[in-house]
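Encoded as structure tokens, the structure appears first; notes follow it.
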Protein chains: 2
Amino acid sequence: MNEAILENQMVERLARAFRRSPAQVNRLNESDAEIVRLGATNTRLAVTTDSIVEEIASGLYDDPRMIGWMAATVNFSDLAAVGAAPLGLLIAETLPPDLSEDYLSELQRGIDQACCANGSYVLGGDTNSGSALEVTGCALGVLEGEKDLSRMGCRAGDLLYCSGFLGSGNAYAVSRFVSSRTRYPFAPRARVREGQMIRGLASACMDTSDGAITTLDQLMRLNGVGFQLNDNWGMALAPGSEEIARLASIPPWLLLAGQHGEFELLFTVAPSREQALLNQAALENWQPIRIGEVVPGQKISLEVYGVTAHIDTARIRNAAFAAHGSVAAYITELIKIDQGLQKGDSHHGKQ
Amino acid sequence: MNEAILENQMVERLARAFRRSPAQVNRLNESDAEIVRLGATNTRLAVTTDSIVEEIASGLYDDPRMIGWMAATVNFSDLAAVGAAPLGLLIAETLPPDLSEDYLSELQRGIDQACCANGSYVLGGDTNSGSALEVTGCALGVLEGEKDLSRMGCRAGDLLYCSGFLGSGNAYAVSRFVSSRTRYPFAPRARVREGQMIRGLASACMDTSDGAITTLDQLMRLNGVGFQLNDNWGMALAPGSEEIARLASIPPWLLLAGQHGEFELLFTVAPSREQALLNQAALENWQPIRIGEVVPGQKISLEVYGVTAHIDTARIRNAAFAAHGSVAAYITELIKIDQGLQKGDSHHGKQ
């Protein structure tokens, strides 16, 4: 399922050297966090690691509080996508020797604030000295009981939801790299509570750490299904994000395609369970947004320029991977993909 | 207890920003791995993270298999020092874009081999692209039952043991940086089995990841005791390590002082439990080495140049910290400390 996606190829190549633990529940790529059985009990651990490296090197993140916040949030978001209750976070930091005390204390503050926002704590860490700042988090969570939530399990006919507005991550990136006006505000909260709520209700779930379209592409390949977004998918865009895109001459649908995600959960639910989901959500004052449905056939389609287009999601994902950190090369390739859609490439019957 | 040690000052400064989890059992610095209670059960998790960064940047580690082996081993060694049974390892890698396939596959092989040596597995990871290779591990382990093993608990009169020969890490470093002859072989095995064996028998334990003297210094500060090495401490030096030191004109005691440790366990045991320890060890064909005893008063002393000297362990630790990766500056400072001992500084009554 992964031959078309350069990133998946790399992950499989890296993982090939490793034997698999008999205690591990999930297979490679099938879950946002790794799930490990703990002895003979029903308790399972969810563990995940994620680093903030390219975001710092490229200048996308230049504020220490934000770097700290994101280093924690990206990891809690992986716990959210499997419905785990956070136990804590480990932090490994590579610090340049000339980092100021103020910078460092803002970095630490951002980490702690994101832990606090997720009802969790830093448990410990490691500090190293190096030329470039890097922050690696490792989050631990617990799953009690039998209910499962992973990337696997959606079927044609299921409804597609997102946990909140989409596009804020890419709007932030556009405001950093393309237009030089004020920054689009970006401080995503990991959907830890919502993940726990939908465990047992959703048929599949994945966080949008790499943007909505990459997430759908991965779910498509894993489950052998496709996704059709509702014609009013634009309603799911974060307030003000379209305006940021417009000012930068970026078409709004690229807010779903860019790789700087918003750390929402994309999840699917069988129609028979939709009401239970909505009841549960209402109890917690949460408004998940229905944005489409699961369809047969591995295609991802949405209405762009007045027609329903099949999106070449492999090309979109590979553009990010092949750009090797060059923001300009990446945006150029996305714009090319958009121009193809404007010319009518990939159009599909429904007009 | 930490005002004299620059590294401890930094750790405390970094940790100050963080709230502490009510589920966390250990306090800051008191344990090689963080210990977290899991719900209301007797099961506790041991978690730790450690990165290989300076060792690569300085050229100390230049072989990918070794880098992988060490990235896993340093983390399993922290689990060993709390007596935990490993559950698995997460690996976060920052890879330069020009890394060859062969290099990468050797790196992965080293990680997997070290997992295998500890009866464990890679559970998952994250990969980033960056200018300098960095490998961060995060190990998870389980502690069942009530027995504890941490850095805390040794008392004057306890016996001091190491789990195996000392000095191999520093002999390797000397063979890399000082003498240009063949490398001293170095592929330490984390003492995971031994750590589990001594849990409930040892009064305190810490791994020698930063060398034997740094380990003793930390145990001294935490427990308010001192350590007196036996006059025949040289018997505990790894075979061939003294020869490496001699060729490089490095006095043998610096094999204990250098910061590139050997990942043995230094542990203490009450005299009343020594026989139980030795019986247990014999059953498993393990020969721990008795190298000294715990004494009242925060001093570390050993026989050097025919007299028993109090070693200025704070100066030794701070030399490594202040050198900021400059191997030459660090070795120069160690040699100065040695010259002081030769001149008779810090000598103590017993001649």
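The values are calculated or read from the model by the stated rules, or taken from the named source; none is laboratory data. Everything numeric here is computed off the predicted structure, so don't read it as measured data. With ideal geometry, Cβ positions are generated from the backbone for all residues, glycine too; neighbour counts draw on all protein chains shown. Side chains included, ligands, DNA and RNA excluded: accessible areas come from the protein's heavy atoms. Shrake-Rupley method; radii C 1.70, N 1.55, O 1.52, S 1.80 Å.
Counting C-alpha atoms alone, how compact is chain B: give Rg to one decimal and Dmax as a whole number, in angstrom.
Cα-based Rg and Dmax for chain B come out at 19.7, 60 Å.
Report the relative contact order of the stretch B:82-209, percent, no decimals, based on alpha-carbon pairs under 8 angstrom and at least 6 residues apart. Don't skip to the answer; put the middle values down first.
Values: 166 pairs, mean separation 49.0, N = 128.
The value is 38 percent.
What nm distance separates the two modelled labels at A:K336 and B:N42, each placed 7 Å from Cα along Cα→Cβ?
It works out to 6.4 nm between the two label points.
What is the ratio of the Cα radius of gyration of the stretch B:195-321 to 2.2 N^0.38 Å, with N the residue count, to two decimals? Mind dumping the intermediate values first?
Values: Rg = 14.8 Å, N = 127, 2.2 N^0.38 = 13.9 Å.
Cα Rg divided by the expected 2.2 N^0.38 Å: 1.07.
In nm to one decimal, list the spacings between the B:G119 label point and its equivalents in the other copies, with label points set 7 Å along Cα to Cβ, shortest first.
3.5
Taking each residue in B:141-148, count the Cβ atoms of any other chain within 10 Å of its Cβ, then average. What number comes out?
Taking all residues of B:141-148 together, the mean is 1.
Rank B:C205, B:C116, B:C154 by mean-square fluctuation in a GNM of chain B with C-alpha springs under 10 angstrom and give only the top-ranked residue.
Result: B:C116 has the largest fluctuation of those listed.
Across peptide B:87-96, how many C-beta atoms of other chains are within 10 Å of each residue C-beta, on average? Display every interim value, and only then the final one.
Numbers: counts 9, 7, 4, 11, 3, 9, 5, 9, 3, 0.
The shielding value for this peptide is 6.
In terms of modelled amide H atoms, which long-range or inter-chain residues lie less than 5 Å from the amide H of B:A204?
B:T268
How about chain B: what cysteines have no other cysteine beta carbon under 4.7 Å from their own?
B:C115, B:C116, B:C154, B:C162, B:C205
Run through the DSSP bridge list for the stretch A:192-351 and note the antiparallel percent, rounded to the nearest 5. It would help to have the intermediate numbers written out before the result.
Values: 15 of 17 bridges.
Given both bridge residues lie in the stretch A:192-351, the antiparallel proportion sits at roughly 90 percent.
Only Cα pairs under 8 Å and at least 6 apart count here; give the relative contact order of chain B as a rounded whole percent. Mind showing how you got there, number by number?
Details: 758 pairs, mean separation 68.6, N = 351.
Rounded, it is 20 percent for chain B.
Under a 1.4 angstrom probe, counting protein chains only, how are B:H310, B:H260 ranked by accessible area, largest first? Provide the component values of the computation, followed by the final result.
Values: B:H310 45, B:H260 20 Å².
The ranking, largest first, comes out as B:H310, B:H260.
Once the label point is set 7 Å along the Cα-to-beta-carbon vector, what list of distances in nm do you get between B:A156 and its counterparts in the other copies?
Reported distances to equivalent positions: 8.1 nm.
Over chain A, with the other protein chains present, what is the accessible area per residue in square angstrom, probe 1.4 angstrom? Walk me through the numbers before you get to the answer.
Working: 13390 Å² over 351 residues.
Counting only protein heavy atoms, the per-residue value for chain A is 38 Å².
If you scale each eigenvalue of the Cα gyration tensor by 5 and take the root, what three semi-axes come out for the protein assembly as shown, rounded to whole angstrom and sorted largest first? Working shown, then result.
Numbers: eigenvalues 515, 136, 90 Å².
Those come to 51, 26, 21 Å.
At 1.4 Å probe size, with the rest of the protein present, what percent of the exposed accessible area of the protein assembly as shown is carbon and sulfur atoms? Please list the in-between numbers first.
Details: 13450 of 26770 Å².
Looking at the protein assembly as shown in its full context, I get 50 percent from C and S.
Rounded, prolate or oblate: which fits the stretch A:1-50, taking a ≥ b ≥ c as square roots of the Cα gyration tensor eigenvalues, rounded meaning a/c under 1.5, else prolate when a/b beats b/c?
Values: a/c = 2.73, a/b = 2.18, b/c = 1.25.
It comes out prolate by the Cα gyration axes.
Rg over Rh of the stretch A:1-129, using C-alpha atoms and the Kirkwood radius, what does it come to?
Using only Cα positions, Rg/Rh for the stretch A:1-129 is 1.01.
Measuring label to label, 7 Å along Cα→Cβ, what does B:Q275 give against each other copy in nm, shortest first?
7.5
Tell me the total accessible area that B and A bury against each other, 1.4 angstrom probe, in square angstrom rounded to 100. It would help to have the intermediate numbers written out before the result.
On the way: alone 15720 and 15730 Å², together 26770 Å².
Heavy-atom accessible area buried at this interface is about 4700 Å².
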